[in-house]
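Reading through the structure tokens given below for one structure.
The values are calculated or read from the model by the stated rules, or taken from the named source; none is laboratory data. What you see is a predicted model; the values in this text were computed from it and never measured. Because the Cβ atoms are built from the backbone with ideal geometry, glycine has one as well, and the counts that use them run over all protein chains shown. Quick note on the areas: whole protein, heavy atoms, side chains included, nothing else; ligands and nucleic acids left out. Shrake-Rupley method; radii C 1.70, N 1.55, O 1.52, S 1.80 Å.
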Amino acid sequence: DAGVTQSPTHLIKTRGQQVTLRCSPKSGHDTVSWYQQALGQGPQFIFQYYEEEERQRGNFPDRFSGHQFPNYSSELNVNALLLGDSALYLCASSLGTLHTEAFFGQGTRLTVV
Amino acid sequence: QKEVEQNSGPLSVPEGAIASLNCTYSDRGSQSFFWYRQYSGKSPELIMSIYSNGDKEDGRFTAQLNKASQYVSLLIRDSQPSDSATYLCASNFEYNFNKFYFGSGTKLNVKP
């Protein structure tokens, strides 16, 4: 049973560039949430996708956008990268949107230089 | 402001002792609570979930929830060096969505 998979695991980008991160949820899960974790901090909620729509959004600018595909996989796009976007980006999958346990992928470490 | 607060630690305990990790939250409407373990450089791993007042036990782990005091704790019995990690407390403040608010984590060191 495949868990949550994310790609790539590491990424280095230049300020101003754009980046796309990918996530495949755990088998049987239909909801994908994205989190940003800065060093020494807890994960911060970016947004959640369910039924191919963005259902909830955290306090992140419009430079952060996403998409969910019919097979429940998801992408996170970040435009006009800033140095402050350097962080561990985590994808969490769950079944449905109501108070269910969420399981994280291994994360993508993004470094903006 | 919806917040989850944790002592950053580090909390140091000797091998075999009980480690007690604590968490408070700001919103009385919180519905569910989760403890995650995160090793350095790795992603969070779900340890326990708790939804009702009282204790919930799973192996060496016990989660305790007191909604009146807005307080969640995690007890780790017979602590092992492999338990050394950062423990993240999370709460779902939203009734209709799985939107987790995380504390900044407590670093636990178990000394052999």
Residue B:64 vs (1) open to solvent by less than 60 Å² (accessible area, probe 1.4 Å); (2) under 23 Å from residue A:44 (Cα atoms); (3) part of a strand (DSSP E or B): all pass except (2)
Quick count over the stretch B:39-55, residues being surrounded by 12 or more Cβ atoms within 10 Å (Cβ to Cβ), of a type outside the set (Ser, Thr, Tyr) and closer than 17 Å to residue B:88 by Cα, is 7
Those residues of the stretch B:10-61 that are outside any strand (DSSP E or B) and either polar (S, T, N, Q) or in contact (Cβ under 8 Å) with a residue 60 or more places away in the chain (or both) come to a total of 14
- [ ] Determine, yes or no, whether residue B:74 is more than 11 Å from every other protein chain (Cβ to nearest Cβ), surrounded by fewer than 19 Cβ atoms within 10 Å (Cβ to Cβ) and of a type in the set (A, V, I, L, M).
- [x] no
Scanning the stretch A:61-113 for residues that are aromatic (Phe, Trp, Tyr) and surrounded by fewer than 21 Cβ atoms within 10 Å (Cβ to Cβ) gives A:64, A:69, A:103
Restricted to the stretch A:1-24 and to residues being β-branched (Val, Ile, Thr) and within 16 Å of residue B:43 (Cα to Cα), the residue surrounded by the fewest Cβ atoms within 10 Å (Cβ to Cβ) is A:9
Across the stretch A:25-53, the tally of residues that are open to solvent by 80 Å² or more (accessible area, probe 1.4 Å) and within 11 Å of chain B (Cβ to nearest Cβ) stands at 3
Per the filter on the stretch B:23-40, residues aromatic (Phe, Trp, Tyr), over 14 Å from residue B:89 (Cα atoms) and modelled with pLDDT under 95 are none
